[in-house]
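Colleague: Take this structure first; my questions come after.
The values are calculated or read from the model by the stated rules, or taken from the named source; none is laboratory data. Bear in mind that the values here come from a model prediction, so they are computed numbers and not experimental data. FYI the Cβ positions are ideal-geometry reconstructions off the backbone, even for glycines, and counts take in every protein chain you see. When the accessible area is computed, the model is the full protein with side chains, heavy atoms only, and any ligands, DNA or RNA have been set aside. Shrake-Rupley method; radii C 1.70, N 1.55, O 1.52, S 1.80 Å.
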Amino acid sequence: MTRLDLLPNGYKIFQDPAAFCFGADAQLLCSFAKVKRGCAAIDLGCGNGIIPFLLHKKSLSLRSSHAAGPCRFTGLEIQEQAAELAQKSVALNGLEKSIDIIQGDIKNVKKLFQPQSFDVVLSNPPYMKVQGSRENADERKRIARHEIFCTVNDVAAAASYLIKTNGTFFMVHRPYRLQEIFDAFEKHKLVARRARLVYPAADKAPEMILIEARKNCAKDLKFEPPLVMYQGRDYTKEFLDYISD
């Protein structure tokens, strides 16, 4: 059953708990990502549109130059129902002039967009490989969580095609996939420039990695300080402050 949730930034978003709801990884990616006033940004695999919604509000607080207008956000989502929910949320919040939701396949970006169309590309892609019986029984959740329609290589290829010469690609993923991520980046001429590991607790292994990449640039990867999400059962102040920026 579809529900309507109120985001911290005041926007309302439709979600279907039976399919997939956004989590902390989307919020972390939006805090990690850097957007400039007047940029064109696309979220690959946007789900219910959470990343365009969070970044749109963030972009409104950016200082404006005389030539830079508001940012324009595009969400690309392969699942028709999720794309329709995102479109409903855009209409509900009156953001039709700021956010476009397109139902389509990441692997078909060359048919959907011109090359180098975006200043910023983002993705919170499926983390897990297809593993048969261990996958989630609900098809919509399986698609969102497993690489059924989209692999790390597919995401890297799409990002490389879409970003402008001086553009940036931001992604959140699992640390254990890091070698595959770097291999895919190298294949598609992307270079990781900034990263941050996210830990569920100070005594646990990292659970997520946030990565910023650029195209055809020098290899100079810098790691930001680790971010710890929980102390006991409560979120840490550092985490709360980070996702509220």
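Colleague: Could you list all residues from segment 9-24 that are assigned to a strand (DSSP E or B) and open to solvent by 10 Å² or more (accessible area, probe 1.4 Å)? Step through it out loud before you land on a result.
Modeller: Step one: filter segment 9-24 for residues assigned to a strand (DSSP E or B), giving 12-16, 20.
Lys12, Phe14, Asp16, Phe20 - these are the residues of segment 9-24 that are assigned to a strand (DSSP E or B) and open to solvent by 10 Å² or more (accessible area, probe 1.4 Å).
Colleague: Please go through segment 190-225 and pick out each residue that is at pLDDT 95 or above and among the basic types (Lys, Arg).
Modeller: Arg193, Arg194, Arg196, Lys204, Arg214, Lys222
Colleague: Out of the residues in segment 164-223 that are closer than 23 Å to Gln114 by Cβ and of a type in the set (Lys, Arg), which is least open to solvent (accessible area, probe 1.4 Å)?
Modeller: Lys215
Colleague: Is it the case that segment 27-40 has a residue that's within 24 Å of Val198 (Cα to Cα), among the charged types (D, E, K, R) and under 15 Å from the mean Cα position of the chain (by Cα)? Break it down stepwise before answering.
Modeller: Quick first cut of segment 27-40, residues within 24 Å of Val198 (Cα to Cα) only: 27-35.
If we keep only those that are among the charged types (D, E, K, R) as well, we get 34.
Imposing the further condition that a residue be under 15 Å from the mean Cα position of the chain (by Cα) reduces the set to 34.
Within segment 27-40, one or more residues are within 24 Å of Val198 (Cα to Cα), among the charged types (D, E, K, R) and under 15 Å from the mean Cα position of the chain (by Cα).
Colleague: If a residue has to be farther than 21 Å from Gly10 by Cα and in a strand (DSSP E or B) to count, how many in segment 75-96 make the cut?
Modeller: Looking only at that region, the number is 2.
Colleague: Within segment 25-43, restricting attention to residues that are in a loop (DSSP other than H, G, I, E, B) and touching a helix residue (DSSP H, G or I) at 6+ places or on another chain (Cβ under 8 Å), which residue is surrounded by the fewest Cβ atoms within 10 Å (Cβ to Cβ)? First the steps, then the outcome.
Modeller: At the first step, the residues of segment 25-43 found to be in a loop (DSSP other than H, G, I, E, B) are 33-39.
Pick out the ones that are also touching a helix residue (DSSP H, G or I) at 6+ places or on another chain (Cβ under 8 Å) and you get 33, 35, 37, 39.
Working: Ala33: 23, Val35: 21, Arg37: 16, Cys39: 21.
If we take residues in segment 25-43 being in a loop (DSSP other than H, G, I, E, B) and touching a helix residue (DSSP H, G or I) at 6+ places or on another chain (Cβ under 8 Å), then Arg37 is surrounded by the fewest Cβ atoms within 10 Å (Cβ to Cβ).
Colleague: Which numbered condition trips up Leu62, out of (1) open to solvent by less than 70 Å² (accessible area, probe 1.4 Å); (2) part of a strand (DSSP E or B); (3) farther than 24 Å from Ile209 by Cα?
Modeller: Unmet for Leu62, out of (1) open to solvent by less than 70 Å² (accessible area, probe 1.4 Å); (2) part of a strand (DSSP E or B); (3) farther than 24 Å from Ile209 by Cα: (2).
Colleague: Out of Asp100, Asp5, Asp105, Asp25, report the one residue that is acidic (Asp, Glu) and closer than 25 Å to Glu207 by Cα.
Modeller: Numbers: Asp100 fails: closer than 25 Å to Glu207 by Cα; Asp5 fails: closer than 25 Å to Glu207 by Cα; Asp105 fails: closer than 25 Å to Glu207 by Cα.
None of the others qualify; the one that does is Asp25.
Colleague: Pick from segment 97-122 the residues that are in a strand (DSSP E or B) and of a type in the set (Val, Ile, Thr): which of them is farthest from Asn9 (Cα to Cα)?
Modeller: Here is the first cut: in segment 97-122, the ones in a strand (DSSP E or B) are 99-103, 118-122.
Those left that are additionally of a type in the set (Val, Ile, Thr): 99, 101-102, 120-121.
Details: Ile99: 16, Ile101: 20, Ile102: 23, Val120: 21, Val121: 22 Å.
Among residues in segment 97-122 that are in a strand (DSSP E or B) and of a type in the set (Val, Ile, Thr), the one farthest from Asn9 (Cα to Cα) is Ile102.
Colleague: I need the full set of residues from segment 99-126 which are farther than 14 Å from Leu44 by Cβ and either open to solvent by 20 Å² or more (accessible area, probe 1.4 Å) or in contact with a Ser or Thr (Cβ under 7 Å, 6 or more places away or on another chain) (or both), in order please.
Modeller: Step one: of segment 99-126, the residues farther than 14 Å from Leu44 by Cβ are 99, 111, 114-116, 119.
Answer for segment 99-126, where residues must be farther than 14 Å from Leu44 by Cβ and either open to solvent by 20 Å² or more (accessible area, probe 1.4 Å) or in contact with a Ser or Thr (Cβ under 7 Å, 6 or more places away or on another chain) (or both): Lys111, Gln114, Pro115, Gln116, Asp119.
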